[in-house]
Amino acid sequence: MELKIAVLAGDGIGPEIMEQALAVTKAVCAKKGHTLSLKEGIVGACGIDATGDPYPEATHNLCMESDAVLFGAIGDPKYDNDPNAKVRPEQGLLRMRKQLGLYGNIRPVMTFPSLIHKSPLRADLVEGADFVCIRELTGGMYFGQPQGRSEDGNTAYDTCIYTREEVERILHLAYKFAGQRRKKLTVVDKANVIATSRLWRQIAQEIAPQYPDIETDFLFVDNAAMRIIQWPKSFDVLVTENLFGDILTDEASVITGSLGLLPSASMGIHTSLFEPIHGSYPQAAGKNIANPLAMILSVALMFEYGFELMEEGAMIREAVNASMEAGIVTEDIADGGKAYSTSEVGEWIREYLVHSS
Ligand code: IPM
Ligand code: MG
């Protein structure tokens, strides 16, 4: 198979973890006889520095022409503390999501046996937890207009908008995932207070009968936040709107024990995109200490969801698990043992892939 991949390493630790992810991608492609075309694009703070735009048109065109996008991270502290900055790296991310039509963000939450003790939750609560959060990514308060400030600057407003079409397509995507898993879908909303949530719930109730083999249940977001911590094993597929999904997926990520382990996929109308959920971690940039596993696992998701190459994805997962079992891990999960560098972990995994049968 020929794989045309757009590589957007972005800011902070993005380039370092991407380097390892690409080495892994190349090793898998060499082994399985796939031809690989990698083309780089700039995005985020790097995009602003180079062109004044965090998502330049050339980058968008590259993404549109590719079969998949591998994305590192964006964000730079020099923008975080400046509320008056006219252009921000995050705007690039949001525009990229919107322009590529990436309405479905898939964030799997899983545990790794060798890391259970790193979870802030009790082992018996998290052992075997395995669910997928599906976050709507191109609607809601992130994009609703009007958004802004009153003239005197003392009042600010955001608008949360969802259309039937937006809600229907994300729910169908969520049902598709639930159908391939344990056949349970939890719709998370705030229908007791918010109009958009009431639309979500109404549409979910209308659609549910089309999926008779899937159990649909509903939770208010505050209750869901509690249940994710109290009883993570009760979830299979959880679907929710953009802002709730942003918050709940950070919460859910702690179950695993390290934010450095969780990959994500964003899919929708055009090219799908694969990225770690951890962000640009500027404090670690350039130090060769960041955990490359979430980025490498994003490559696994790319093979699986982007190209339906399940074996290739499984090979990567196996190599990642082996590295953890062998204790070849970065400082965030080293737990008093030896901490390896980003490139050492990446190289170990690549070697494992080259030599595994
Ligand atoms: C995420 C991030 C982004 C979001 C930020 C960086 C804009 O937190 O992907 O979850 O809020 O969507
Ligand atoms: Mg977030």
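Each reported figure results from applying straightforward, stated rules to the coordinates on display, with no laboratory input. Keep in mind that what you see is a predicted model, and the values were worked out from it rather than measured. Because the Cβ atoms are built from the backbone with ideal geometry, glycine has one as well, and the counts that use them run over all protein chains shown.
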Table column - 3J(HN,Hα) (Hz), the range 170-178, Karplus curve with 6.51, -1.76, 1.60, x for Gly and Pro:
6, 5, 4, 4, 5, 5, 4, 5, 4
Comparing Asp217, Asp152, Asp189 in a Gaussian network model of the chain (Cα, 10 Å), the one with the largest mean-square fluctuation is Asp152
Proximal lysines to Lys118, defined as alpha-carbon separation beneath 25 angstrom and excluding residues fewer than eight positions away on the same chain
Lys233, Lys287, Lys338
Which whole-angstrom value gives the distance between the alpha carbon centres of the range 325-342 and the range 169-194?
36
R0 of 35 Å, Cβ-Cβ distance Lys26-Asp152: FRET efficiency to nearest 0.05
0.05
Can you list the HN-Hα couplings for the range 125-134, worked out from phi with the Karplus curve (6.51, -1.76, 1.60; θ = phi - 60°), rounded to whole Hz and with x for Gly and Pro?
7, 9, 4, x, 4, 7, 9, 10, 8, 10
Roughly how far apart, in whole Å, are the Cα centres of the range 210-277 and the range 59-98?
22
As a test, work out the antiparallel percent of DSSP beta bridges whose residues both lie in the chain, rounded to the nearest 5.
35
Taking Rh as the Kirkwood radius, which is the inverse of the mean 1/r over Cα pairs, what is the Rg/Rh value for the range 254-357?
0.98
With label points set 7 Å from each Cα along the Cα-to-Cβ direction at Glu215 and Leu125, the distance between them in nm comes to 2.2
For the range 129-203, would you read off the P(r) tail past 16 Å as a percentage of all alpha carbon pairs?
59
PRE zone check, label point 7 Å out along Cα-to-Cβ of Lys287, amide N under 18 Å, scope the range 76-93, hits 76-78
Can you tell me which of Asp335, Asp53, Asp124 moves the most in a GNM of the chain? Springs connect C-alpha atoms under 10 Å apart.
Asp124
State, as an integer percentage, the relative contact order of the chain based on alpha-carbon contacts under 8 Å between residues 6 or more apart.
23
Rounded to the nearest Å, the spacing of the alpha-carbon centers of the range 1-55 and the range 117-166 is 27
Can you list residues whose amide H is under 5 Å from Lys190's amide H, if they're 5+ apart or on another chain and H is modeled 1.01 Å from N?
Ser197, Val221
Under a Gaussian network model of the chain whose springs join Cα atoms within less than 10 Å, the largest fluctuation of Ala58, Ala300, Ala339 belongs to Ala58
Calculate the all-directions average of the projected area of the chain's alpha-carbon convex hull, and give it in nm².
18.5
Counting other beta carbons within 10 Å of each residue's own, what order do Glu311, Glu331 fall into, fewest first?
Glu311, Glu331
Nonlocal amide H pairs with Phe131, under 5 Å, H built at 1.01 Å
Val109
What number, in percent, do you get for the relative contact order of the range 1-109 if the mean sequence gap of Cα pairs under 8 Å and at least 6 apart is divided by its residue count?
35
Between Glu57 and Glu251, what is the spin-label point distance in nm, taking each point 7 Å from the Cα along the Cα→C-beta axis?
4.3
In nm, the gap between the two label points placed 7 Å beyond Cα toward Cβ at Ala322 and Asn84 is 5.6
Nonlocal amide H pairs with Val43, under 5 Å, H built at 1.01 Å:
Gly10
Principal axis dimensions, the range 1-42 - Cα atoms, whole angstrom, descending:
33, 17, 7
